[in-house]
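Structure, as structure tokens:
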Protein chains: 2
Amino acid sequence: MEPLAVLASVPAPVVLRRARPDDVAAIVGLLAADQLGATRDGVHEPGDLAAYEQAFRAIDADPAHLLLVADAGGTVVGTMQLSFLPGLARRGTLRAQIEAVRIADSTRGTGIGGAMMQWAIGEARRRGCALVQLTSDKRRTDAHRFYERLGFAATHEGMKLKLR
Amino acid sequence: MEPLAVLASVPAPVVLRRARPDDVAAIVGLLAADQLGATRDGVHEPGDLAAYEQAFRAIDADPAHLLLVADAGGTVVGTMQLSFLPGLARRGTLRAQIEAVRIADSTRGTGIGGAMMQWAIGEARRRGCALVQLTSDKRRTDAHRFYERLGFAATHEGMKLKLR
């Protein structure tokens, strides 16, 4: 698959590309490795991977969603989902939404997360979005600083209602 | 169009239904009447309504999005957008997202906003969503109490990056 961007080149090129079906297990591994997601995600029982693969197909089939991976010589070291949502507010402009940003522990501090976000912001601009939005768990204070350095402002409460 | 729910019945029935093209001006009116949205939205110049109508068609054409109005005998007194977003996190379950909730000043305190939200939460449950999420400007403290009474928790920072 055609790379979308080169995120780093030392020691080897790290490219951003759309996720493929055979990346799903690696992406779930990143979700499960995350401290706050560990209880929610992972492949523990037969059938677990199938549920993720079904979600992958739904995301992949809809041009409103881009599921992305940072690929370091064949190893998935980062992931994010970028969605483009229509709405009437703000004069009917699209808004871009970022979900499920995860970077492998081995890759923290390399600038790859920031490069992924910069690509996403640029893509939102190219598609005419008025706004990029995301929510971040209030316990992730390091992440808030990371997003603020990229220009995000924590102007809103991110409110969640769990149904199960 | 078939009503989705009866939200109130005194003095006259208020029904929740999907928005139609001829509701767009009224919905924009609600967006523009909002204190925090007043500078961003409204129909002031030729062409303004056309931009909103184009966004309406994008929302209406995509089954992932429901643009809703509360209709009181032909008058639009409330609106919200409910979207169903696929993702890998939380075992590949859909999440429901609520945007652009607005209630006419004349209709505040009647319970119609709460009834709209309850319908949205029920619909998210029927579609198998694991989560309902929304962001609310930190200045809207009344709105936060309203959402907390419905079961939402402000666990996340809602971060926004304006592109224009």
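The values are calculated or read from the model by the stated rules, or taken from the named source; none is laboratory data. Note that the coordinates shown come from a computational prediction; the quantities given were computed from them, not determined experimentally. Using ideal geometry, Cβ is built from the backbone for each residue, glycine included, and neighbour counts are taken over all protein chains shown.
Any idea which residue in region B:31-63 is surrounded by the fewest Cβ atoms within 10 Å (Cβ to Cβ), counting only those that are aliphatic (A, V, I, L, M) and in contact with an Asp or Glu (Cβ under 9 Å, 6 or more places away or on another chain)? Here the residue is B:36. Selection of region B:1-39 for residues being closer than 20 Å to residue B:57 by Cα, among the charged types (D, E, K, R), in a loop (DSSP other than H, G, I, E, B) and within 14 Å of another protein chain (Cβ to nearest Cβ) yields only B:20. Only a single criterion out of (1) farther than 26 Å from residue A:137 by Cα; (2) part of a helix (DSSP H, G or I) is not satisfied by residue A:55, namely (1). Restricting the search to region B:1-19, which residues are of a type outside the set (Val, Ile, Thr), surrounded by fewer than 14 Cβ atoms within 10 Å (Cβ to Cβ) and at pLDDT 85 or above? The answer is B:3, B:13.
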